[in-house]
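The values are calculated or read from the model by the stated rules, or taken from the named source; none is laboratory data. What you see is a predicted model; the values in this text were computed from it and never measured. A quick note on method: Cβ atoms are made from the backbone with ideal geometry, for glycine too, and the neighbour counts reach across all protein chains shown. We work out accessible area using only protein heavy atoms, side chains counted, and drop any ligands, DNA or RNA first. Shrake-Rupley method; radii C 1.70, N 1.55, O 1.52, S 1.80 Å.
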Amino acid sequence: SDLPGPGYLRAVDLGFTALLAPIWVPLLLLGLAAAALQGSPIFYRANRLGVGGKVFQMLKLRTMVREADVLGPAVSTGADSRITPVGRLLRRTKLDELPQFLHVLSGRMSIVGPRPEAPGYLRYYTPAGLRSLEARPGLTGYGALYFFSAERNSPSAEFEARYVRELLPTKLALDERCWSDLRSRPIRTTLSVLGLTASALLLRGNA
């Protein structure tokens with residue numbers, strides 16, 4: 001196969017992480033300071049599906065009330081009542097996701113790849129979704145951008161049911177496509193997705 005090997009993909013991740021450090025490191029420190037205003041814990045460790053479906057704990061800045069996991073579903077919209085006022089700001093700016101750059105450095109995640117799902121959704125995975133589990137989960141990607149737009153335009157009531165029925169199959173197909181593009185064109189795909197992510201943030205998910 002002429003596809004780049006895992007070593008090349010890893011080098012692309014580390015290269016972009018280093019190039020973007022002047023942006024993400026100060027923003028992460030800003031996010032940490034904001035999250036600290038809510039009290040402890042500052043971080044939220046979310047169980048997510050990694051490579052091969054193996055579960056790992058993905059680090060985020062906490063944006064919800066304590067014990068939010070027992071109060072509602074694993075997916076949420078911006079209107080979710082469990083989100084704190086500071087958390088709403090962190091989510092809107094996506095500062096809550098920046099600790100995941102540490103997972104990129106450790107090799108657990110990639111900058112671009114499938115958006116990792118909670119383990120409970122594995123039973124709803126399509127064949128495309130199962131194939132996407134070959135990839136390291138990403139901070140951003142086609143599926144993440146789709147979800148970002150969809151969740152901002154969805155009411156919180158019955159969002160999880162709609163997510164499983166309508167959004168998840170499309171998101172998983174996009175995840176597989178992202179993995180395919182990433183393997184064949186790692187640098188171009190990473191640049192493209194980063195550009196789209198920046199645009200989506202600036203347009204607040206309405207792109």
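In table form, for the structure just shown:
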| quantity | calculated |
| --- | --- |
| Region 8-50, residues that are hydroxyl-bearing (Ser, Thr, Tyr) and open to solvent by less than 60 Å² (accessible area, probe 1.4 Å) | THR17 |
| All positions within region 175-188 that are buried (at least 18 other Cβ atoms within 10 Å of the Cβ) and over 15 Å from ARG136 (Cα atoms) | none |
| Pick from region 51-67, criterion of a type outside the set (D, E, K, R) and surrounded by fewer than 19 Cβ atoms within 10 Å (Cβ to Cβ), ranking: farthest from the chain's Cα centre (by Cα) | VAL65 |
